[in-house]
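These notes concern the structure reproduced below.
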Amino acid sequence: MVTVLDNNPKSSVFSKVLVINFARLGDIIQAQPLISLLKKQKKMVGLCVLEAFAEICNLVQDLDQVFVFPGSKILACLDKKNWTSSLDLLWSFVHTIQKDFYPDEVLNLTPTLPARLLTLLFPQAKIKGFGLDEHGFSTYSNDWAAFLDSSATVRNSSALNLVDLNLGIEDEAKKHAQTLRLKKPDPKLVEFWKNKLNSKQLIGFQLGASDLKRTWPVEYFVKLGRLCAQKGLFPVLLGGAREIELGKSFSQKADFPFYNLIGKTTLQDVNAILQLLNFLITNDTGPMHLAVGQGRKIIALFLATAQAWDTGPYQTNCICLEPNISCHPCNFNTSCPEYKCRWKIKPDIVFAFIENYYLSQISCLDVRAYRVVLKDNLFSLNRLQTDDRRFEVMSCLQKLYASFLAKQPVPSNLFLPQELAQEIDFICQAFQVFQTQLKTLTFLPSKIRQQKINTFYQTLDQRLQKCTWLKALHRLWLVNSQSSLVLDDLLDLSLRYFTFWSACLKNKQ
């Protein structure tokens, strides 16, 4: 399916960029700043998405065309072992894009193999983001793309926000500041819901998330709803059809007035309802980013694998709450028998932030509390309580990674926490030894030289695997270095790593 959002999609005045985003609702919304940047660069923008999330494209600004990938039809044909029909559907889809849009660039934000393969079907286009080379190996257009892929599974030390990583793929030096703003809802639809809800004081509750372990307990939402109702705030339950059971559970426990709209609204409706809310209390999920797009006040809860640093709301003053326990955030492959993190953030703490949204500090046991700030063209966090050692490390990591990816010098006013200083010292020693070893190989025959390079490389890899906070850097090194194991290339690359990270050690605390 193709949606034309521009009166002149075939204009040749501007270069054309096809953005491939085969992710979920929230990730598509978080690509809005990148799309707006492309438009500011005088480019026409097409967006390729999966069928299940096509509706959100109606709310994304600065799009010229939308192409909905027929994934379910292709899979249905494959299930029937009718691969020729699947291939016909794919070729028809690509032909439509080539005919109606003909991109000069393909900017792929999805590192999966299907999305990478799709980029190969546009041979005339420059590929940015995630691609494949002629041998079928993964490629990355710059370090921001490589880091996005490298840090995805490293939950404990993934310190850069997805919006910034998307922007860095296009704007490597990260010079351009962007905000996340979606289209405003239809005023008539806002008026319709205003009359239907019939209240001046509304607070939104988003009960669900993509995974149950990432959801705040329904019992806690009920207790929070009771506190809000006592202050004249009427809870409005939001969510899709998959969250209807959560709404039923809330209804069975609630003894105060509220509105249950779960499974009863479209995205256009939710976009309008957000205009009427004083706050949105939400898990880390798509509607949180939708609320950011409408500039609402947000208190977001990050549980299990979710953390504020990399998927937090890209808007100044939003409040992010995490459980203050050593195992949070957990990795995606973690199997936890109880997910006790879900119960650490108490309803009275959340209510305290509702009543004191703009306070600079609140005492809250068992909770990491942050306020979002956007500075130096980056998402960042300010902590709202002092007992949070992890904040020191993550805040420093965020600044260091951003400078390294943008090929900028180490920030002069940055001081390394002891945990980071020890680990950086360790990796610098490893890179120094690696360079010394490589330099001894210059005059060896090529076959012996390559064997030695492989041995030294494996030793370095084993050392870097021991990192805790810099695991994402280890993964980035693997991506950077495996593109070429030629001696001179490895020397230049390892020197870049050593020079930057050894400079950090001048800033020890």
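Where a number appears in this text, it was derived from the coordinates with a stated rule and is not lab data. Small disclaimer: the values here were computed from a predicted structure and weren't measured. Because the Cβ atoms are built from the backbone with ideal geometry, glycine has one as well, and the counts that use them run over all protein chains shown.
General observations
- Helix 471-482 and the longest principal axis of the C-alpha atoms of the chain enclose an angle of approximately 50°.
- When the alpha carbon coordinates of region 332-445 are projected onto the principal axes, the ranges are 70, 39, 22 Å, largest first.
- Annotation: amide H-H contacts under 5 Å for Val19 (H modelled 1.01 Å from N, sequence separation of 5 or more, or interchain): Gly46, Leu47, Cys48, Leu107.
- Taken one residue at a time, the phi angles of region 146-161 give Karplus couplings (6.51, -1.76, 1.60, θ = phi - 60°) of 4, 5, 4, 6, 5, 8, 4, 9, 9, 5, 5, 9, 8, 9, 10, 5 Hz. Gly and Pro are set to x.
- Legend: distances between Cα atoms for Lys42/Lys128; Lys99/Lys264; Lys40/Lys126; pairs beyond 28 Å are Lys99/Lys264.
- Exceedance of the 21 Å cut-off in Cα-Cα distance is limited, within the set Lys213/Lys346; Lys188/Lys248; Lys175/Lys506; Lys213/Lys344, to Lys188/Lys248; Lys175/Lys506.
- Most to least packed among 74-80, 340-346, 254-260 [average Cβ atoms within 10 Å]: 340-346, 254-260, 74-80
- Reachable aspartates and glutamates, given that their alpha-carbon falls under 16 Å from the alpha-carbon of Lys447 and they are not under 8 places away in the same chain: Asp488
- Amide H contacts of Leu202 (H built 1.01 Å from N, under 5 Å, at least 5 apart or other chain): Phe234, Asn278
- Percent breakdown of C-alpha pair distances by 5 Å bin, ordered from the shortest bin, for region 236-366: 2, 9, 18, 20, 22, 17, 9, 3
- Volume per residue of the C-alpha convex hull in region 19-169, rounded to whole Å³: 123
- In order along region 400-411, the Karplus-derived 3J(HN,Hα) couplings, from 6.51 cos²θ - 1.76 cosθ + 1.60 at θ = phi - 60°, round to 5, 4, 4, 5, 5, 5, 7, 6, 9, x, 4, x Hz, and Gly and Pro are given as x.
- The antiparallel fraction among DSSP beta bridges confined to the chain stands at about 30%.
- Loop chymotrypsin sites (Phe, Trp or Tyr not before Pro), region 367-475, which have at most 14 other Cβ atoms in a 10 Å radius of their Cβ (DSSP): Phe415, Phe443
- Looking at region 92-194, the GluC sites (Glu not before Pro) that sit in a DSSP loop and have at most 11 other Cβ atoms within 10 Å of their own Cβ are Glu134.
- Across the alpha-carbon atoms of region 205-245, the computed radius of gyration and Dmax are 11.0, 31 angstrom.
- Loop-resident sites, region 264-334, for chymotrypsin sites (Phe, Trp or Tyr not before Pro), counting at most 14 other Cβ within 10 Å (DSSP): Phe332
- The phi-based Karplus calculation (6.51 cos²θ - 1.76 cosθ + 1.60; θ = phi - 60°) puts the 3J(HN,Hα) values of region 371-379 at 10, 6, 10, 10, 9, 6, 6, 9, 6 Hz, whole numbers, x for Gly and Pro.
- Amide H to amide H distances under 5 Å link Asn260 with Leu237, where only residues 5 or more positions off or on other chains count and H is placed in the peptide plane.
- Cα-based values for region 418-507, radius of gyration first and Dmax second, are 13.1, 44 Å.
- Spherically averaged projected area in nm², based on the convex hull that wraps the Cα atoms of region 143-298: 10.7
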